[in-house]
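Colleague: My questions all concern the structure below.
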Amino acid sequence: MNTEKKSDRYNKIDLWETKDILQAILESQLNAVSIIENVLSDLEVAITKALPLIKGGGRIICAGAGTSGRIAAQECSELFPTFSWPKEKTIFLIAGGHKALTDAIEHAEDDIESGEKETKKLKLNRKDIVICLSASGRTPYTLGVLREANLAGSLTIGIASTAHSPLLKEAQIKLFVDTGPEIIAGSTRMKAGTAQKILLNMFTSTLMIHLNRVYDSYMVDLVATNEKLINRSIHIVSDICKVDNETAHTALIKCKGNAKLACVYIKKKDLKQAEKLLKEYEGNLRKCLED
């Protein structure tokens, strides 16, 4: 497996100067980013197939072990505060359970039955999208998740850095990111992890844009849970509606912090009419403002 090989490029790195180590790490990370270009068409297919499923009530499930599982957890955890995406519609599975987010759980990733069992509990259906991440493409736990998802008829997407691996053979949509050997041999939290995170960012963010949870380039469905985000909401409403911050803040209070609703309310001057319009246009703020 390329992900486990030692690269001659980094021979005796423990003797290198700090600046040279940093430069090498940076170069390897940029290489991981550039490789994403090779799977853009496959990623586009994944989004095209996933969008109608999500609109039909499907869920996004991300699964992995170790670093891959933690990347999956991070992505799923951030969709609610960023896009108000329902928490029950985004689920992550990690080998060893939630304790594995901070601790290495011995042999958890080797348990294929655990992956199968945890996936069965979700009662997957044909509307669900299951994204499985594994640098090696051979992690038993993740393969267990993938196989159960395939049996349930869900859309399965495999992300791996090893060609011809079981994960890529069995996933319906295959995203092979050939990140190659790591600077520290086998430490796939580095290049392979970076590629996984980028692909998840691209997949979920594009979906959310198509689901009307972004207007222009503003995150109009954000959940303002702290002072910074409250101020961001005020500036978003102010910028979109071309009003001062005080007017924007007053509208946000009236709309219980909902920036998208506040924008329509400022236009229509009637809360019930604003709510009706947003529902009629399925949350599409652009159409509401152009109405």
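The values are calculated or read from the model by the stated rules, or taken from the named source; none is laboratory data. Remember, it's a predicted structure, so these values are computed and weren't measured experimentally. With ideal geometry, Cβ positions are generated from the backbone for all residues, glycine too; neighbour counts draw on all protein chains shown. For accessibility, only protein heavy atoms count, side chains too; no ligands or nucleic acids. Shrake-Rupley method; radii C 1.70, N 1.55, O 1.52, S 1.80 Å.
Colleague: Filter the stretch 65-79 down to residues that are under 13 Å from the mean Cα position of the chain (by Cα) and farther than 15 Å from THR204 by Cβ and give me whichever is most open to solvent (accessible area, probe 1.4 Å).
Modeller: Among those residues, the one meeting the criterion is ARG70.
Colleague: Of everything in the stretch 225-248, what is surrounded by fewer than 18 Cβ atoms within 10 Å (Cβ to Cβ), over 26 Å from the mean Cα position of the chain (by Cα), assigned to a helix (DSSP H, G or I) and not acidic (Asp, Glu)? Give them in sequence order.
Modeller: Listed by number, the residues that qualify are ASN245, THR247.
Colleague: Based on what the data block shows, is LEU222 part of a loop (DSSP other than H, G, I, E, B) and modelled with pLDDT of 95 or more?
Modeller: Yes.
Colleague: Any residue in the stretch 211-234 that is more than 23 Å from ASN284 (Cβ to Cβ) and of a type in the set (A, V, I, L, M) sitting within a Cβ distance under 9 Å of a residue that is open to solvent by less than 60 Å² (accessible area, probe 1.4 Å) and in a helix (DSSP H, G or I)? List the pairs, counting only those 6 or more apart or interchain.
Modeller: If the second residue must be open to solvent by less than 60 Å² (accessible area, probe 1.4 Å) and in a helix (DSSP H, G or I), the pairs left are ILE230/LEU252.
Colleague: Counting only residues that are closer than 27 Å to GLU78 by Cα and either open to solvent by less than 40 Å² (accessible area, probe 1.4 Å) or in contact with a Pro (Cβ under 9 Å, 6 or more places away or on another chain) (or both), how many does the stretch 151-196 have?
Modeller: The qualifying residues number 26.
Colleague: Within the stretch 254-291, track down each residue that is over 30 Å from the mean Cα position of the chain (by Cα) and open to solvent by 60 Å² or more (accessible area, probe 1.4 Å).
Modeller: Scanning the stretch 254-291 gives LYS254, LYS267, LYS269, ASP270, LYS272, GLN273, LYS276, GLU290, ASP291.
Colleague: Taking only the stretch 1-26 into account, find how many residues are basic (Lys, Arg) and under 30 Å from PRO166 (Cβ atoms).
Modeller: The number of residues fulfilling the criteria is 3.
Colleague: Considering each residue of the stretch 80-128, count those that are among the hydrophobic types (A, V, I, L, M, F, W, C), more than 27 Å from THR48 (Cα to Cα) and open to solvent by less than 70 Å² (accessible area, probe 1.4 Å), and give that number.
Modeller: 6
Colleague: Being among the charged types (D, E, K, R), without any contact (Cβ under 8 Å) to a residue 24 or more places away in the chain and either in contact with a Pro (Cβ under 8 Å, 6 or more places away or on another chain) or closer than 30 Å to ALA259 by Cβ (or both) is the filter here; which residues of the stretch 69-116 pass it?
Modeller: Of all residues in the stretch 69-116, those among the charged types (D, E, K, R) come to 70, 75, 78, 87-89, 99, 103, 106, 109-111, 113, 116.
Still in the list and also without any contact (Cβ under 8 Å) to a residue 24 or more places away in the chain: 78, 87, 99, 103, 106.
Within the stretch 69-116, GLU78, LYS87 qualify.
Colleague: Here's a follow-up. Collect the residues in the stretch 50-64 that are over 16 Å from the mean Cα position of the chain (by Cα) and either touching a residue at least 12 places away in the same chain (Cβ under 8 Å) or buried (at least 23 other Cβ atoms within 10 Å of the Cβ) (or both), keeping them in residue-number order.
Modeller: LEU53, LYS55, GLY56, GLY57
Colleague: From the list LEU22, LEU26, LEU30, LEU43, pick out the single residue that is in contact (Cβ under 8 Å) with a residue 60 or more places away in the chain and of a type in the set (A, V, I, L, M, F, W, C).
Modeller: Going through LEU22, LEU26, LEU30, LEU43 in turn, just one is in contact (Cβ under 8 Å) with a residue 60 or more places away in the chain and of a type in the set (A, V, I, L, M, F, W, C): LEU43.
Colleague: Something else: Which ones in the stretch 3-27 are open to solvent by 100 Å² or more (accessible area, probe 1.4 Å) and aliphatic (A, V, I, L, M)?
Modeller: Hits for the stretch 3-27 are LEU15, LEU22.
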